[in-house]
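A quick write-up on the structure given underneath.
The values are calculated or read from the model by the stated rules, or taken from the named source; none is laboratory data. Keep in mind that what you see is a predicted model, and the values were worked out from it rather than measured. Here Cβ is always computed from backbone atoms with ideal geometry, including for glycine, and neighbour counts include all displayed protein chains.
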């Protein structure tokens with residue numbers, strides 16, 4: 001009998017991705033393989049600037065960063081000995 005799916009070698013990312021998606025079908029398991037296939041195809045991750053990184057951090061922190069300017073102004077008037 002011939003196998004229904006092709007045998008994937010250890011170094012074949014395309015075969016590994018297909019076998020992982022066929023066997024489990026779980027999206028979480030397939031995501032790592034999709035990232036490897038994307039890199040194999042030549043896609044590169046975006047290089048983020050400092051402004052983009054800080055903007056993303058501030059959007060994730062949300063209302064917690066509202067106190068930072070108030071603390072900055074308050075620390076001008078408080079003298080720690």
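Here are the numbers for this structure:
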| quantity | calculated |
| --- | --- |
| Meets criteria (assigned to a loop (DSSP other than H, G, I, E, B), at pLDDT below 75 and within 23 Å of the chain's Cα centre (by Cα)) for residue 25 | yes |
| Any hit, segment 37-50, residues being part of a helix (DSSP H, G or I), at pLDDT 85 or above, out of contact with any strand residue (DSSP E or B) (no Cβ under 9 Å at 6 or more places or on another chain) and at negative phi | yes |
| Pairs where the first residue, in segment 29-43, is without any contact (Cβ under 8 Å) to a residue 12 or more places away in the chain and the second is surrounded by 11 or more Cβ atoms within 10 Å (Cβ to Cβ) and part of a helix (DSSP H, G or I), C-beta under 8 Å, 6+ apart | 29/20; 29/21 |
| Residues being over 28 Å from residue 18 (Cβ atoms) and surrounded by 11 or more Cβ atoms within 10 Å (Cβ to Cβ) - total across segment 28-67 | 8 |
